[in-house]
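The values are calculated or read from the model by the stated rules, or taken from the named source; none is laboratory data. In this text, all values refer to a predicted model and were calculated from it rather than measured experimentally. Here Cβ is always computed from backbone atoms with ideal geometry, including for glycine, and neighbour counts include all displayed protein chains. In case anyone asks, the SASA skips ligands and DNA or RNA and just uses the protein heavy atoms, side chains included. Shrake-Rupley method; radii C 1.70, N 1.55, O 1.52, S 1.80 Å.
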Amino acid sequence: MAGFVFVPLGLAVSSKGAAAGSWQDFLTVAGVWAFVKFGPTHWMWPYPGGRLAYVFTVLMAVDVALACFLLVRRAKGVGYSMGWGKNWGLYVLGSFVLFGCVAIPLGIRMRFIAFEPHWGNWSGLVVGSLGILFLTAWPEELLFRGLLQNFLGRASKSEFAGWWTASMLFGLSHITNLGFPNWRYVILAAIAGLFYGWTWRRTGSIFASAIVHAGVDVTWHFLFRTM
């Protein structure tokens with residue numbers, strides 16, 4: 001745990017005078033992602049019965065990322081804030097609907113999902129939605145949009161290149177989900193990343209892209225069965 005905290009902070013301090021998108025920035029982002037994805041979380045937080053291991057892992061990863069990039073590196077344009085700007089409703093709703101128009105037929109055709117509403121689980125919709133928003137969508141949008149897409153765009157001096165590259169990497173980050181290699185998941189996640197990244201670009205806030213992200217995940221979990 002000490003290594004996970006101080007090694008990224010050391011990298012951030014060593015690159016403090018460098019422009020955003022240094023090799024230390026990308027190495028730290030990759031390390032934070034790997035900690036959440038492959039970290040030995042269950043023995044780090046074994047009580048009670050490992051049920052809170054994922055929650056504590058995500059909170060620790062977000063804290064380390066904030067300390068490195070917002071406090072030490074003082075990265076610009078991350079969009080780590082809550083608020084509501086002009087036309088955000090249009091961007092959020094439009095992105096959600098358009099992605100659904102693409103992903104639902106494609107997912108069914110690829111035999112990745114099947115329409116099967118979980119009517120018995122609706123009592124937990126509110127709590128489940130908040131959990132997805134703050135423990136899945138928000139951290140992933142911070143990492144892949146506020147940091148990775150942001151840094152890639154600045155390093156390449158092209159917002160378009162940063163957007164597409166971060167979206168493809170977002171897709172590839174799901175290759176181990178539900179069995180390796182899960183290329184169907186990769187394709188759909190990469191397409192989702194394009195919509196999330198577009199929302200982040202238009203609003204400048206991970207809050208807006210996280211709402212779209214959470215909306216997609218909630219719809220998936222409550223209305224569809226993963227095949």
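Quick one: with all protein chains in place, what share of the accessible area of the stretch 149-192 is carbon or sulfur, to the nearest percent (1.4 Å probe)? The C+S portion of the solvent-accessible surface of the stretch 149-192 is 70 percent.
Take the chain with all the other protein chains still there, run a 1.4 Å probe, and you get 51 Å² of accessible area per residue.
Residue separation of residue 2 and residue 182 scaled by 0.36 nm, minus their Cα-Cα distance, works out to 61.5 nm of gained length. A straight line joining the Cα centroids of the stretch 195-227 and the stretch 142-164 runs 18 Å. For the peptides 130-141, 83-94, the ranking by mean Cβ contacts within 10 Å, running from highest to lowest, is 130-141, 83-94. Which FRET efficiency value, to the nearest 0.05, is calculated for residue 70 and residue 90 with the Förster distance at 35 angstrom and r the Cβ-Cβ distance? Approximately 0.80, to the nearest 0.05. For the chain, the longest principal axis of the alpha carbon atoms and the long axis of helix 23-38 meet at an angle near 40°. Other residues whose C-beta falls under 14 angstrom from the C-beta of residue 70 contribute a net charge of +2, scoring Lys and Arg +1 and Asp and Glu -1. Accessible surface of the stretch 34-121, 1.4 Å probe: 68 percent of it comes from carbon and sulfur atoms.
The calculated FRET efficiency for the pair residue 123 and residue 82, based on their C-beta separation and a Förster distance of 35 Å, comes to about 0.85. Near residue 24: Cβ cut-off under 12 Å, other residues only, Lys/Arg at +1 and Asp/Glu at -1. The net charge is +1.
Taking each DSSP H run with n ≥ 4 as -39500 (n - 2.57) and averaging over every residue of the chain yields -19500 deg cm²/dmol at 222 nm. Out of 111, 73, 201, any idea which swings most in a Gaussian network model of the chain, alpha carbons joined below 10 Å? In this elastic network of the chain, the residue with the biggest mean-square fluctuation among 111, 73, 201 is 111. For residue 160 and residue 38, a Förster radius of 35 Å and the Cβ-Cβ distance give a FRET efficiency of 0.70, rounded to the nearest 0.05.
How much net charge surrounds residue 209 when only other residues with a Cβ under 13 Å from its Cβ are counted (Lys, Arg +1; Asp, Glu -1)?
Net of charged neighbours comes to 0.
Each of 150, 187, 89 was scored by the projection of its Cα onto the charge dipole of the chain, and the greatest displacement toward the positive side belongs to 150; charges sit on the C-beta of Lys, Arg, Asp and Glu.
If you take the square roots of the eigenvalues of the alpha-carbon gyration tensor of the stretch 1-89 and sort them as a ≥ b ≥ c, do you get rounded (a/c under 1.5), prolate (a/b over b/c) or oblate? Oblate, since a/c reaches 1.5 and b/c is not below a/b.
Among 11, 172, 52, whose mean-square fluctuation peaks in a Gaussian network model of the chain (Cα, cutoff 10 Å)? Residue with maximal mean-square fluctuation among 11, 172, 52: 52. The charge dipole of the chain, taken about its Cα centre with unit charges on the Cβ atoms of Lys, Arg (+1), Asp and Glu (-1) only, comes to about 380 debye. Considering only 49, 107, 162, the Gaussian network model of the chain with Cα springs below 10 Å gives its largest mean-square fluctuation to 49.
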